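All of the numbers you see were taken from the coordinates with simple rules; none came from a lab. No experiment lies behind these values; they were computed from the predicted model shown. Positions of Cβ are generated from backbone atoms using ideal geometry, with glycine treated the same way; all protein chains shown enter the neighbour counts.
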Amino acid sequence: MEDLGGRQLVVFDGRCRLCNGAVRWLLARDWNDRLRFVAFESPKAAGVLARHGFGPRNSATGAIAPGTLLVVRDPNGPAERIFVRSAAVLALWAELPRPWPALAAALGWIPRPLRDLGYRLVARWRYRIWGELESCPAPAAEERERFL
């Protein structure tokens, strides 16, 4: 994986309409160019996922499914750290301009199991509510440099 220059890597389910909408939302608000994106299904995500015990859609192995948002700080670096579910959302909001860091800090006071419960409920129903794409859509030309 290429050096991201201190940016966080966002690993998302490329076939999920909600996830793709969230990526578009983040792109519109990431004014300081702090984020890079890769679909869970992409071969470029395989190394970081394997290092942290995550795998493709496979409930039989217990691997986390692509419905789980992952944020990787310092990918391939000595301080590589991965955030999942609600912790990933808070890590992303902390990188955006105001008011999102304050909202992330406020929601951080909610116990993680409770935050993750809400996250899991949305993740469980996302395909039924927002639908599933046949494949991960290609980014617009002006956004390509922000995707791996």
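Here are the numbers for this structure:
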item	result
Charge sum, other residues only, whose C-beta stays under 10 Å from LEU133's C-beta, Lys/Arg counted +1 and Asp/Glu -1	-1
Residue order, fewest to most surrounding Cβ atoms within 10 angstrom, among ASP116, ASP33, ASP74	ASP33, ASP74, ASP116
Listed residues ARG124, ARG24, ARG15, most fluctuating in the chain (Gaussian network, C-alpha, under 10 Å)	ARG124
For LEU69, residues with placed amide H under 5 Å, excluding near neighbours	ARG85
Gap separating the Cα centres of the range 96-138 and the range 1-27, nearest whole Å	13 Å
Cysteines, the chain, no other Cys beta-carbon under 4.7 Å	CYS136
Hz values of 3J(HN,Hα) by residue in the range 48-54 - Karplus curve (6.51, -1.76, 1.60), Gly and Pro given as x	5, 5, 5, 4, 10, x, 9
Gyration tensor (alpha-carbon) shape descriptor, the chain, a/c threshold 1.5	rounded
Chymotrypsin sites (Phe, Trp or Tyr not before Pro), loop per DSSP, at most 15 other Cβ atoms within 10 Å - longest free stretch of the chain	32-108
Cβ-based net charge around SER86, under 10 Å, with every Lys or Arg adding one and every Asp or Glu removing one	+3
